Amino acid sequence: MDKHIENLLYTAVRYIFALGVAFFSLFPIYWMFTMSIKPPIEWASPDIHWWPWYPTASNYLMLFFHKNTLLEWGVIKPWEISVPETAVKAIMNSLILSISGTALSLFIGTFAAYAMSRYRAGGDYMFLTFRMLPPIAILMPIVMWLSTLRLLDTHIGVILLYGLFPVPFVIWLMRSFFDDLPREIDEAAIMDGCTPATTFIKVILPLVRGGLAVTALFIFILNWSDLIVALLVTYRTAITIPVQIGLYYSDIGHLYGIMSALGIFAVIPTLAFGLAIQKYLVRGLTFGAIKG
């Protein structure tokens, strides 16, 4: 076979494969978006509508405006009055709890990872065994503990869980970044008069800021998408987006349009966070340390 034809076939196969992967990866997002702008007559219909014939923003409006207000505006029908309350509280709770839990987890895990990397404290990755247990095995005692302390369905209780559960992952990830930094950097800083604490805060942390950003994104996604913990320890005050999605149910069944609208909105923070730290995802940390 001619070499040129062989290269064309190879390129065509690569593009077809890439398009296939992109299709299977993006189709759920496409379907959720189209579902979010469909009126009830389309997403409740037994027939498949690949694209909304009568696009509407009512599903998004029901996330932020009270149902009685939308009924007065004529946005929803009287039979939709059983739609749960707005998702504003759930959205704000998810932001507050995920960000606070991520910050707490990074604070604890980063210090522990540095101590394990430089001073061999705490053993060698034995902490990961705590994450091997199924969550339900440890959540029920924790629920009773939070109930005794009157922290059930409170922001403080959920922040504690969101901050402590991901700590093993933070240690695992951050220790690898600290291990990649030459120890001579610490020794040079101490010889220049820095204390170990000053060395860690002013010298080491700036060098692993890329690792911090990537770890923060990973932990934030874990907390943001959590369902099991939020389902067991919240029911009214500290309810989050994953739990709120399950509440969209009425006499006609699941309200897939509103559920999809909230799902699309839930993608935005993680996507924005990922784009914000994109430059750190490809930066060589040890290369920066040597060059700096």
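For the reader, a short list of remarks on this structure follows.
- Picking from residues in the stretch 144-172 that are in a loop (DSSP other than H, G, I, E, B) and among the aliphatic types (A, V, I, L, M), the one that is surrounded by the fewest Cβ atoms within 10 Å (Cβ to Cβ) is L149.
- Filtered by the rule that a residue be in a loop (DSSP other than H, G, I, E, B), modelled with pLDDT under 90 and hydroxyl-bearing (S, T, Y), the stretch 238-292 gives a lone residue, Y248.
- Pairing residues of the stretch 205-223 that are without any contact (Cβ under 8 Å) to a residue 40 or more places away in the chain with residues that are buried (at least 19 other Cβ atoms within 10 Å of the Cβ) and outside any helix (DSSP H, G or I), at Cβ distances under 8 Å and at least 6 apart in sequence or on separate chains, gives no pairs at all.
- Hits in the stretch 84-110 (condition: over 30 Å from S58 (Cα atoms) and surrounded by 14 or more Cβ atoms within 10 Å (Cβ to Cβ)): S100, G101, T102, A103, L104, S105, L106, I108, G109, T110
- The single condition among (1) surrounded by 16 or more Cβ atoms within 10 Å (Cβ to Cβ); (2) touching a residue at least 12 places away in the same chain (Cβ under 8 Å) that P135 does not satisfy is (1).
- Test: residue in the stretch 58-79 that is outside any helix (DSSP H, G or I) and among the polar types (S, T, N, Q): no
- Restricting the stretch 1-45 to residues that are farther than 25 Å from V75 by Cβ and in a loop (DSSP other than H, G, I, E, B), the residue that is modelled with the lowest pLDDT is M1.
The values are calculated or read from the model by the stated rules, or taken from the named source; none is laboratory data. No experiment lies behind these values; they were computed from the predicted model shown. Please note: Cβ atoms are built from the backbone with ideal geometry, for glycine as well, and neighbour counts cover all protein chains shown.
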